């Protein structure tokens, strides 16, 4: 016979701390909802969010060293190495020796990586359109301006 878990006793008189949800809570909830939807779209291409971030930065820069890529992506170098290796194994990126400093490796998208990024950028646009919903252009512009302001107010004005 399967055992049943004992019901957790209710703590009567347990202290509560009244508070209202603030900006951080709603930013987090919006990010989590967006990420869930986007990750589902990435998964259809067998791409993780970390891989997407690396591919996106490479697609924008053209060429980066592994260290530069990990810094831009905000990923520890040790973690970035496994993501880079997975992308190399799938032949989405390649590493070429630097022509000036032969100790350096420059990472680039392969033609397969470029083709995949074109597809993934379309999926990102779909996710953005879904998140935008029925916001007018003016509402979206205001939202983005306010979010940039939050970032600048917290000392990361990029």
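None of the figures in this text is laboratory data; all of them are computed from the coordinates on show. Just so you know, these numbers come straight off a predicted model, no measurement behind them. As a convention, Cβ positions derive from the backbone with ideal geometry for all residues, glycine included, and neighbour counts pool all protein chains shown.
Assorted remarks:
- Comparing 132, 102, 94 in a Gaussian network model of the chain (Cα springs below 10 Å), the most mobile by mean-square fluctuation is 102.
- Listed residues 87, 23, 42, most fluctuating in the chain (Gaussian network, C-alpha, under 10 Å): 23
- Length released on extending from residue 67 to residue 104, taking residue separation times 0.36 nm less the Cα-Cα span: 12.3 nm
- Distance from the stretch 97-114 to the stretch 116-158 (C-alpha centre basis), Å: 31
- With respect to the chain, whose longest principal axis is taken over its alpha-carbon atoms, helix 77-89 is tilted by about 60°.
- Nearest-ten-degree value, helix 137-153 long axis tilted from longest Cα axis of the chain: 90
- Within the stretch 27-65: backbone nitrogen closer than 16 Å to the residue 122 label point (7 Å, Cα to C-beta): 41-46
- Among 15, 66, 111, the residue with the largest mean-square fluctuation in a Gaussian network model of the chain, with springs joining Cα atoms closer than 10 Å, is 15.
- Acute angle (nearest 10 degrees) that the helix 111-132 long axis makes with the longest principal axis of the chain, alpha-carbon atoms: 30
- Estimated from helices alone, the mean residue ellipticity of the chain at 222 nm is -19500 deg cm²/dmol (sum of -39500 (n - 2.57) over DSSP H runs with n ≥ 4, per residue).
- Ascending count of other beta-carbon atoms within 10 Å, so fewest first, for 54, 117: 117, 54
- Spin-label model distance (nm) - residue 56 vs residue 144, 7 Å beyond Cα toward Cβ: 1.4
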